[in-house]
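Enquirer: Pasting in a structure now, in structure tokens, and then I'll have a few things to ask.
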Amino acid sequence: QVQLVESGGGLVQAGGSLRLSCAASGSIVSSNVMSWYRQAPGKQRERVARISPGGYINYADSVKGRFTISRDNAKNTVYLQMNSLKPEDTAVYYCNALRGGLDYWGQGTQVTVSA
């Protein structure tokens with residue numbers, strides 16, 4: 001089964017940084033499109049970053065220049081480096097894998113940015 005486990009969330013002041021990790025089962029990371037999504041209370045879930053097996057990367061405009069998605073295939077892990085955090089970045093962050101036309105999700109990790 002596909003398993004995705006996020007970690008690294010927490011409480012940080014505005015302007016600070018956090019690094020999220022998504023540990024995946026098998027060879028999921030190297031062979032599939034991986035994404036980070038976030039969902040704030042009362043808001044729709046939105047994709048913030050995506051990386052393809054060939055290395056194509058894109059970001060939501062709201063995080064461009066501040067967030068960086070990367071992967072370590074040997075560790076089957078995807079990362080999201082978040083710098084210059086803002087209160088509006090507060091959300092539950094989810095790891096996503098697109099495999100065989102299906103979406104798989106982690107349990108989420110809470111990121112809270114205080115003013």
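Enquirer: Would you tally the residues in region 68-87 being in contact (Cβ under 8 Å) with a residue 40 or more places away in the chain and either part of a helix (DSSP H, G or I) or of a type in the set (Phe, Trp, Tyr) (or both)?
Expert: Qualifying residue count for the region: 4.
Enquirer: Scan region 68-85 for residues that are out of contact with any Leu (no Cβ under 9 Å at 6 or more places or on another chain) and surrounded by 15 or more Cβ atoms within 10 Å (Cβ to Cβ) and jot them down.
Expert: ARG71, ASN76, THR77
Enquirer: Another one. What pairs come out if I take residues in region 50-67 that are charged (D, E, K, R) and pair them with residues that are open to solvent by less than 30 Å² (accessible area, probe 1.4 Å) and assigned to a loop (DSSP other than H, G, I, E, B) whose C-beta lies under 9 Å away, six or more apart or interchain?
Expert: ARG66/LEU85
Enquirer: Sticking with this structure for a sec: How many residues does region 12-67 contain that are among the hydroxyl-bearing types (Ser, Thr, Tyr), open to solvent by less than 50 Å² (accessible area, probe 1.4 Å) and either under 14 Å from ASP89 (Cα atoms) or in a helix (DSSP H, G or I) (or both)?
Expert: Of the residues in region 12-67, 2 are among the hydroxyl-bearing types (Ser, Thr, Tyr), open to solvent by less than 50 Å² (accessible area, probe 1.4 Å) and either under 14 Å from ASP89 (Cα atoms) or in a helix (DSSP H, G or I) (or both).
Enquirer: Now for a separate question. Quick check: anything in region 30-50 of a type in the set (Ser, Thr, Tyr), over 14 Å from TYR104 (Cβ atoms) and within 15 Å of the chain's Cα centre (by Cα)?
Expert: no
Enquirer: Within region 70-109, count every residue that is of a type in the set (Gly, Ala, Ser) and under 14 Å from SER35 (Cβ atoms).
Expert: In the first step, residues of region 70-109 are kept if they are of a type in the set (Gly, Ala, Ser); the result is 70, 74, 84, 91, 97, 100-101, 106, 108.
If we keep only those that are under 14 Å from SER35 (Cβ atoms) as well, we get 70, 97, 106, 108.
Residues that pass the stated criteria total 4.
Enquirer: For ALA23, indicate whether it is small (Gly, Ala, Ser), within 17 Å of VAL2 (Cα to Cα), touching a strand residue (DSSP E or B) at 6+ places or on another chain (Cβ under 7 Å) and touching a residue at least 24 places away in the same chain (Cβ under 8 Å).
Expert: Against the criterion (small (Gly, Ala, Ser), within 17 Å of VAL2 (Cα to Cα), touching a strand residue (DSSP E or B) at 6+ places or on another chain (Cβ under 7 Å) and touching a residue at least 24 places away in the same chain (Cβ under 8 Å)), ALA23 qualifies.
Enquirer: Quick test of your reading of the structure: TYR93 fulfils all but one of (1) touching a residue at least 60 places away in the same chain (Cβ under 8 Å); (2) surrounded by fewer than 15 Cβ atoms within 10 Å (Cβ to Cβ). Name the failing condition by number.
Expert: (2)
The values are calculated or read from the model by the stated rules, or taken from the named source; none is laboratory data. Quick caveat, the model's predicted, so the values are computed rather than measured. Using ideal geometry, Cβ is built from the backbone for each residue, glycine included, and neighbour counts are taken over all protein chains shown. Quick note on the areas: whole protein, heavy atoms, side chains included, nothing else; ligands and nucleic acids left out. Shrake-Rupley method; radii C 1.70, N 1.55, O 1.52, S 1.80 Å.
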